[in-house]
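Colleague: Could you have a look at this structure, given as structure tokens, before my questions?
Each value in this text was obtained by applying a stated rule to the coordinates, not by laboratory testing. The model shown is predicted, which means the values in this text are computed figures rather than measured ones. Because the Cβ atoms are built from the backbone with ideal geometry, glycine has one as well, and the counts that use them run over all protein chains shown.
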Amino acid sequence: MNNSVSSTARLLGAGLRALLVLTIVCGVLYPLAVTGIAQALFNDQANGSEIKDTNGQVVGSSLIGQAYNLPKQNPDDATETAKPDLKWFQPRPSNGLGSNTINTQYSLILSGATNKAGDNPDLVKLVEDAKAAVVADNTTATYKVKPQDVPADAVTSSGSGLDPNISPQYAELQTHRIAEQNNLDVAQIQKLVADHTTGRTLGFMGEPRVNVLELNTALKALAKS
């Protein structure tokens, strides 16, 4: 009897010691080590690739696209369609899988692709409507946008639906409207786009791109100067 109790006590003690050691190593030391290495070597990425304005305030992440829309006339109306604020560069459409149906108060965008075929009537209409809107929104008194000039990324969402980048072609197409809306010279806006255009990764991977949040943050600073 005594031997059985003694053996059980030893096993419990060994288990508790193992639990304590593993808790300290895996739950404290390892996370601290990984966090320390990440902060020391990859500080920007570890903190979410934050973008800050001229006042040092975080305005978002360079990895996640944002919408630049006018405030809704009725914030409580989940069915009201948001209209783009034409003072800012517009990102790719972020339709993805649409809005959530549970928490409709905030109309949260769900990340993901529609998975609709290229000949799907709903997708075709969505693209046609988006192209017409791009042409109408970006045509100014001195600049006429032609339907054939609208790039694909201006009317289609990415696989995630939250792409933070647009093509240089789409950014260039918006420069005349941006200049008019902000009382700036077109040349200033075109230089802004050129300064924020990133080439292919390692010179051959991907496509040239412009981060919309970084571009609009720089535009805000330019408009204030």
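Colleague: Give the relative contact order (percent, whole number) for the chain; include only Cα pairs under 8 Å separated by 6+ residues.
Modeller: Numbers: 272 pairs, mean separation 42.2, N = 225.
Once normalised by length, the contact order is 19 percent.
Colleague: Let me ask you something else. Hey, with R₀ at 25 Å, roughly what FRET efficiency would Val186 and Gln148 work out to, going by the Cβ-Cβ distance, to 0.05?
Modeller: Working: r = 21 Å, r/R0 = 0.84.
So the FRET efficiency works out to roughly 0.75.
Colleague: Now, a different point. Quickly rank 63-70, 20-27, 159-166, 173-180 as a protection proxy: mean count of other C-beta atoms within 10 Å, highest first.
Modeller: Result, highest mean Cβ count within 10 Å first: 173-180, 159-166, 63-70, 20-27.
Colleague: Calculate, in nm to one decimal, what Asp76 and Ala40 gain on full extension: separation in residues at 0.36 nm each, minus their alpha carbon distance. Before the final figure, lay out the partial values.
Modeller: On the way: separation 36, 0.36 × 36 = 12.96 nm, distance 4.44 nm.
Here the segment from Asp76 to Ala40 would lengthen by 8.5 nm.
Colleague: May I have the extent of the alpha carbons of the chain along their three principal axes, as whole Å values ordered from largest to smallest?
Modeller: Principal-axis extents of the chain (Cα, largest first): 97, 41, 41 Å.
Colleague: Next up: Can you tell me the FRET efficiency between Leu29 and Ala221 if r is taken as the Cβ-Cβ distance and R0 is 45 Å, rounded to the nearest 0.05? Walk me through the intermediate numbers first.
Modeller: Details: r = 43 Å, r/R0 = 0.96.
The pair Leu29/Ala221 has a calculated efficiency of 0.55.
Colleague: Taking 7 Å along the Cα-to-C-beta vector as the label spot, tell me the Thr197-Asp53 distance in nanometres, rounded to one decimal.
Modeller: It is 2.8 nm.
Colleague: Right, next: Listing Phe42, Phe89 from the residue with the fewest other Cβ atoms within 10 Å to the one with the most, what is the order?
Modeller: Ordered by Cβ neighbours within 10 Å, fewest first: Phe42, Phe89.
Colleague: Check which residues have an amide H placed less than 5 Å from Ile51's amide H, if you skip close sequence neighbours.
Modeller: Those lying under 5 Å, H to H, from Ile51 are Val59, Gly60, Ser61, Ser62.
Colleague: Now for a separate question. Extending each Cα 7 Å along its Cβ direction at Ser6 and Ser160, get the distance between those two points in nm, one decimal.
Modeller: With each label placed 7 Å out from Cα toward Cβ, I get 6.2 nm.
Colleague: Further question on the same structure: Could you work out which residue, out of Gln169, Gln73, Gln188, moves most in a Gaussian network model of the chain, that is, has the largest mean-square fluctuation with Cα springs under 10 Å?
Modeller: Gln73
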